[in-house]
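The values are calculated or read from the model by the stated rules, or taken from the named source; none is laboratory data. None of the values given here were measured: they were computed from a predicted structure. All Cβ positions, glycine included, derive from the backbone under ideal geometry; neighbour counts span all protein chains shown.
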Amino acid sequence: MKDLPSDLHHRNHGESLLTRLWKRLTVGLVVLLALTGIGFAYAPVFYAEAEMVMVRMHLPITPPPLSADPPVAGAPAGSVIDGYWLVEAIAPDTYAIGEPLASPDNYEYLLLGKSRALLIDAGATTRDIHPALATLTSLPVTVIPTHLHFDHTNGLRYFSSIAMIDLPETRTRVRDDVFHLQRYQYMDSSHEPPVFRVTEWVKPDAMIDLGNRRIQILWTPGHTATSVSIYDAGAKLLFTGDLIYPTTIYAFMEDSSLSAYETTATRLLAMLPEDTAIYGAHCCRTDAPPAAPKLGVQELRDLRAAVVKIRDGNGEGHGTILRRFPVDAQMTLVTLYPFGNW
């Protein structure tokens with residue numbers, strides 16, 4: 001067999017090199033796209049892990065605030081109990097219990113009936129809240145967490161009467177009659193999560209009777225998939241946990257959902273009287289001295305409008321992967337990249 005002409009040999013050799021190079025580039029591009037897709041898909045998980053590390057190191061993880069307005073100077077409302085808890089009466093038989101020394105600075109709420117009391121959230125630290133409760137009531141106290149993050153569940157270890165929203169996601173956490181918090185539900189790698197027994201499962205929208213005071217447990221997903229709000233229609237009080245509160249609203253967690261935020265806000269706006277007082281779980285407003293974080297229906301309306309703007313691509317966000325959006329003078333909302341957290 002005759003040898004190939006020299007120019008044809010070099011041409012075939014060049015084509016072979018180009019083909020191999022193109023194949024490698026194609027494989028590299030496919031791998032890069034796959035890794036990018038995995039990164040976007042699991043970004044909430046990555047940020048959940050990062051936040052746990054940052055919290056332990058006392059470092060910020062969210063973008064800087066859009067406004068640096070300090071709170072109005074003044075003594076915080078309420079009285080200090082047991083050297084730690086800040087107790088404030090906010091309505092008849094209704095108390096806010098703050099933790100100004102905790103990080104984050106949570107508020108729990110105690111609602112008194114004639115036969116028993118309901119505590120909304122159990123405390124941000126592993127400190128027992130019962131000394132504060134004992135100054136307010138001698139009634140038996142049932143506690144219900146608004147969601148399962150550490151700063152709302154740490155104190156559950158001290159309670160024997162615990163109510164929980166009855167959802168598939170919460171039922172699956174029970175093994176051998178004991179509730180076990182999943183890693184991205186608890187969101188704190190520096191402490192062991194409490195294990196506890198649920199003594200009262202509450203269906204979404206069902207009532208808890210405190211004796212001459214009926215309290216409705218609303219399923220209000222958005223901040224997390226299992227979040228609840230506690231509604232006292234008679235007193236026109238709504239306690240929302242981390243769904244809405246002054247300062248920075250977190251909507252970038254592993255099971256946060258902006259579409260759920262929109263649905264939940266729409267539902268609440270349709271059912272709440274305009275003069276309903278809304279109390280969130282974190283302090284504080286910037287237009288008053290420190291006090292229980294009170295909002296109104298208009299601010300819930302502002303939050304829904306901000307979420308709709310983000311959905312429609314009209315929100316003016318700051319940041320790249322984590323983005324902060326203005327809501328109103330009291331609130332900003334932090335979410336992920338444009339198509340994250342939906």
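Just wondering, is there one or more residues in region 114-126 that are in contact with a Lys or Arg (Cβ under 9 Å, 6 or more places away or on another chain) and at pLDDT below 95? Yes, region 114-126 contains a residue that is in contact with a Lys or Arg (Cβ under 9 Å, 6 or more places away or on another chain) and at pLDDT below 95. Within region 259-302, the only residue that satisfies the criterion of being under 18 Å from residue 335 (Cα atoms) and in contact with a Ser or Thr (Cβ under 6 Å, 6 or more places away or on another chain) is 264.
When region 316-331 is filtered for residues that are surrounded by 15 or more Cβ atoms within 10 Å (Cβ to Cβ) and either under 20 Å from residue 282 (Cα atoms) or of a type in the set (Lys, Arg) (or both), the ones remaining, listed by number, are 323, 324, 325, 326, 327, 328, 330, 331. Scanning region 164-213 for residues that are of a type in the set (A, V, I, L, M, F, W, C) and part of a loop (DSSP other than H, G, I, E, B), we see that the one that is surrounded by the most Cβ atoms within 10 Å (Cβ to Cβ) is 187. Considering region 288-331, the residues that are in a loop (DSSP other than H, G, I, E, B) and in contact with a helix residue (DSSP H, G or I) (Cβ under 6 Å, 6 or more places away or on another chain) include one that is farthest from residue 242 (Cα to Cα), namely 315.
Cβ-Cβ distances below 8 Å connect no pair with a first residue in region 176-205 that is in contact (Cβ under 8 Å) with a residue 60 or more places away in the chain and closer than 14 Å to residue 163 by Cβ, a second residue that is small (Gly, Ala, Ser) and buried (at least 20 other Cβ atoms within 10 Å of the Cβ), and a separation of six or more residues or different chains. Of the numbered criteria (1) surrounded by fewer than 20 Cβ atoms within 10 Å (Cβ to Cβ); (2) at pLDDT below 95; (3) more than 23 Å from residue 300 (Cβ to Cβ), the one residue 247 fails is (3).
Looking only at region 130-159, residues that are out of contact with any Phe, Trp or Tyr (no Cβ under 9 Å at 6 or more places or on another chain), farther than 21 Å from residue 101 by Cβ and touching a residue at least 60 places away in the same chain (Cβ under 8 Å) come to 2 in all.
Pairs linking a residue in region 210-228 that is over 16 Å from residue 300 (Cα atoms) to a residue that is part of a loop (DSSP other than H, G, I, E, B) and of a type in the set (Phe, Trp, Tyr), with Cβ atoms under 8 Å and 6 or more positions apart or on different chains, do not occur. Just one residue in the set 313, 222, 241 is surrounded by fewer than 17 Cβ atoms within 10 Å (Cβ to Cβ) and farther than 19 Å from residue 329 by Cα; that residue is 313. Looking at 116, 127, which one is charged (D, E, K, R), within 18 Å of residue 198 (Cβ to Cβ) and surrounded by fewer than 24 Cβ atoms within 10 Å (Cβ to Cβ)? Of 116, 127, the one residue that is charged (D, E, K, R), within 18 Å of residue 198 (Cβ to Cβ) and surrounded by fewer than 24 Cβ atoms within 10 Å (Cβ to Cβ) is 116.
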